[in-house]
Amino acid sequence: MSYRWNWGIIFEQPYLSWLLQGLGVTVALSCLAWAIALPLGTLVGSLRTGPYRAIRLLCAWYVQAFRNVPLIVQMFLWFFVFPEVVPKAVGFFLKRQLPIPEFTMGCLCLALYTSARIAEIIRSGLEAAGNGPRNAALASGMTYYQAYRYVLLPMSFRLTMPPLTSEFLAIFKNSSVALTIGVLELTAQSHQVESFTFQGFEAFTAATVLYALISWACLGIAGAVNRQLSNAGGLGTEVAIK
Amino acid sequence: MIKIDGVCKWYGSHQVLTECSASIARGEVVVVCGPSGSGKSTLIKCINGLESFQRGDIVVDQESIKSPKTKIYKLRSRVGMVFQSFELYPHLTCIENITLAPQKVLKRSRDESIDRAKTLLKQVGLSAHGAKYPSQLSGGQQQRVAIARSLAMDPLVMLFDEPTSALDPEMINEVLDVMVDLARSGMTMVVVTHEMGFAQRVGTRVLFMDAGVIVEDRACSEFFDRPESDRARAFLSSIVRR
Amino acid sequence: MSSFDLSVITQNIPWLWAGMQLTILLTLLAVAGGIIVGVILALCRLSPWWALSAAAKLYVNLFRSIPLVLAVFWFYFLVPIVTGHPVGPFYSVLIAFVFFEGAYFAEIVRSGIQGVRRGQLSAALSTGLSHVQALRYVVMPQAIRNMYPVLVTRSIIIFQDTSLAFVVGLTDFLTSANIVANREGRPVEIYCFVAVVYFLLCYAAEAGLNLSKRRVAR
């Protein structure tokens, strides 16, 4: 094994700024996609347990469609296929006029993919909360919207903090798939550093450490949120009585 | 106040309610009893529309449940319900549990709702526990909070669905005492229960149900002294033996 | 853009089928290897030796915090250096998957074993079974029953994830399709076809899993 170590390379320009830009793109892409995915997923997950059968079915298919196709294929569909099948003017806009098209389409794709997974998590939380609170809320004269808004969703979020946390971690990892449509995020930048310098160890180690730091930071945030929630009447065993 | 008229309900091909009819006047305390699976809970959940039914009608305070003009949410806000397993919202304190629906459904101010909640908590003997979460209370205390929560809506009638059957024996009386006080204050009540002592103390009428049919509908004293049907006699002797 | 032309798919079926065979082979080997690595890691984590347990924990947490694409790049770069000669994309991708998925399988196996109540082991030991017998006949059958739906779900995810081998040019199903799409200039038909194939296969696998779960529950 002959390898010339050069740890200094990752602190030299332009490689350092490549890696930092990559980190910035990864964080921006993930957070933006999460900001879309969380409300959308919550909506779809809620409608899946709602009173209308047709909408329940529709939402079930929404989830199935996004879950059963690999993310990279979805990226290709949004980036290469979608602009071709929409009306010509829209397609032209997407291909020619949209600023940073890779990032925009990658973000959209990641957001929709994640929203389907969040919908499943929210649904399982709503099911775990059970019919009792739903009946209690409706019996007090709340509309379905009020019952979900004030009672069922707050319960569901508390019950599903652990899977929501791992989904939040996953979105940072999944954002790397956007490199296949040309988004220069962290993994892509580390790969580029490797191609230019042949210092793969150093480049990939830098990326690995940065991803680990992101994970670590997310777990810290999630832990703090969770503590906050459990101070405010955490849901333990009292959900199931007897 | 409530008129139940020929209500029939099926789950698929299985009939759970057959031609149920009864009427309940203002200030009455009607005890619904019968063997488990006889349709008692289903019947009272029909009264506030938590369960639907295929045939017949129920009129609450001159409004038909089946009429498309009736706003079911409005109707529910005037009918209180207490559940077997309390169904307090675990993420809210007792005060918040009690004030949620008055604020969101009746649009009362926060201060007014809190004042009312404090009065009600005092009424059920739990003044000191307003800031606690449901998980910090015993079952009997939780059920009393649940009663206060229903009363906060100033209901015309209160429905109780086996309010003591999820409680440990030593806690049953504290809940029954609250209910007796409520009955003596003139509240109209429909109570599904096996507590025959409660029925004898404050009940005005008994509906005895078996296999989805209202078998007897009689004044309390008559029912306990001279039950007409064999089924009621068998049921009463099995209760007494316990 | 002219209308949808299915002949571009039918003409290239042999080529696409070869890609799918590689995808299936890669999935099967990755699942098998990943389970072996996962079981070893899980046993390390549950072992009484502090250092072993900590090392396994570090391994699992590290791999679970990086994206699969990065792991593929890592191993594509590392394997030739370690072995001293080029091995081609298939083996480096396979090794990447085995080590990467091993971390996920380790967590599945660990929670499967820990999900069996302690009382079960005590009960088995109290009837005179040896420790090994108790694990073999009482704990493991229950643990496997706990684990198997999650194992199958993870395998479906791996089947989808093998498409990421695209980044190092391994001619799996997606990469083959990509080559066809570029050669024929018909990305719409080809990528839609790829999506439909993945959807149907994953949907069928999940439906099969749900069916068998219901049978086990009975």
Task: Candidates B:GLU162, B:GLU195, B:GLU170 - the one that is modelled with pLDDT under 95, of a type in the set (D, E, K, R) and over 28 Å from B:ALA232 (Cβ atoms) - done: B:GLU170
- [ ] Test C:LEU29 against the stated conditions and say whether it is open to solvent by 80 Å² or more (accessible area, probe 1.4 Å) and of a type outside the set (Gly, Ala, Ser).
- [x] no
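From the residues in the stretch B:83-105 that are aliphatic (A, V, I, L, M) and more than 9 Å from chain A (Cβ to nearest Cβ), which one is nearest to A:PRO133 (Cα to Cα)? Give the steps one after another, and end with the answer.
Kept after step one, since they are aliphatic (A, V, I, L, M), are these residues of the stretch B:83-105: B:88, B:92, B:95, B:98, B:100-101, B:105.
Adding the requirement that they be more than 9 Å from chain A (Cβ to nearest Cβ) leaves B:95, B:98.
On the way: B:ILE95: 17, B:ILE98: 14 Å.
Among them, the one singled out is B:ILE98.
Is there a residue in the stretch A:194-201 that is touching a residue at least 40 places away in the same chain (Cβ under 8 Å) and closer than 20 Å to C:LEU58 by Cα?
The initial filter retains those residues of the stretch A:194-201 that are touching a residue at least 40 places away in the same chain (Cβ under 8 Å), namely A:196-197, A:199, A:201.
From what is left, the residues that are closer than 20 Å to C:LEU58 by Cα are A:201.
Yes: one or more hits.
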Open item on the list: Six or more apart or on different chains, Cβ atoms under 7 Å: show the pairs whose first residue is in the stretch B:1-20 and open to solvent by 60 Å² or more (accessible area, probe 1.4 Å) and whose second is assigned to a strand (DSSP E or B) and hydroxyl-bearing (Ser, Thr, Tyr).
Closed with: B:LYS3/B:SER23; B:ASP5/B:SER21
Open item on the list: Please count how many residues of the stretch C:76-105 are farther than 23 Å from C:ILE40 by Cβ and assigned to a helix (DSSP H, G or I).
Closed with: 7
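What are the residues in the stretch C:180-200 that are more than 7 Å from chain A (Cβ to nearest Cβ), part of a helix (DSSP H, G or I) and not charged (D, E, K, R), if any? I'd like the intermediate steps shown before the answer.
First pass over the stretch C:180-200, keeping only residues more than 7 Å from chain A (Cβ to nearest Cβ): C:180-186, C:189-190, C:193, C:196-197, C:200.
Restricting the remaining residues to those that are part of a helix (DSSP H, G or I) gives C:180-184, C:189-190, C:193, C:196-197, C:200.
Matches in the stretch C:180-200: C:VAL180, C:ALA181, C:ASN182, C:ILE190, C:PHE193, C:VAL196, C:VAL197, C:LEU200.
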Task: Check on B:GLU222, under 20 Å from B:LEU137 (Cβ atoms), over 17 Å from the mean Cα position of the chain (by Cα) and without any contact (Cβ under 8 Å) to a residue 60 or more places away in the chain - done: no
TODO: Please specify each residue of the stretch A:38-71 satisfying the condition of being part of a helix (DSSP H, G or I), in contact with a Phe, Trp or Tyr (Cβ under 9 Å, 6 or more places away or on another chain) and closer than 26 Å to C:PHE166 by Cα.
DONE: A:GLN64, A:ALA65, A:PHE66, A:ARG67, A:LEU71
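Among the helices (runs of 4 or more DSSP H) lying completely within the stretch B:31-141, list those that include at least 1 residues that are open to solvent by 50 Å² or more (accessible area, probe 1.4 Å) and either under 24 Å from B:THR193 (Cβ atoms) or out of contact with any Lys or Arg (no Cβ under 9 Å at 6 or more places or on another chain) (or both). Quick ask: steps written out before the conclusion?
On the way: elements: B:40-47, B:72-77, B:94-104, B:110-123.
Hits in the stretch B:31-141: B:72-77, B:94-104, B:110-123.
So which residues in the stretch A:153-171 are open to solvent by less than 40 Å² (accessible area, probe 1.4 Å) and either in contact with a Cys (Cβ under 8 Å, 6 or more places away or on another chain) or within 9 Å of another protein chain (Cβ to nearest Cβ) (or both), if there are any at all? Let's see the steps before the verdict.
Going residue by residue through the stretch A:153-171, those that are open to solvent by less than 40 Å² (accessible area, probe 1.4 Å) are A:153-156, A:160-161, A:164-165, A:167, A:169-171.
Result: A:PRO154, A:MET155, A:THR165, A:LEU169.
So that you can scan it fast, the table gives a plain yes or no per residue for (1) closer than 24 Å to C:LEU25 by Cβ; (2) open to solvent by 50 Å² or more (accessible area, probe 1.4 Å):
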site: C:GLY84; (1), (2): no, yes
site: C:PHE90; (1), (2): yes, no
site: C:GLN120; (1), (2): no, yes
site: C:VAL138; (1), (2): no, no
site: C:GLN142; (1), (2): no, yes
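The values are calculated or read from the model by the stated rules, or taken from the named source; none is laboratory data. Remember, it's a predicted structure, so these values are computed and weren't measured experimentally. Note that each Cβ is placed from the backbone with ideal geometry, even for glycine, and that neighbours are counted across all protein chains shown. These area figures cover heavy atoms from the full protein model, side chains too; ligands, DNA and RNA do not enter into them. Shrake-Rupley method; radii C 1.70, N 1.55, O 1.52, S 1.80 Å.
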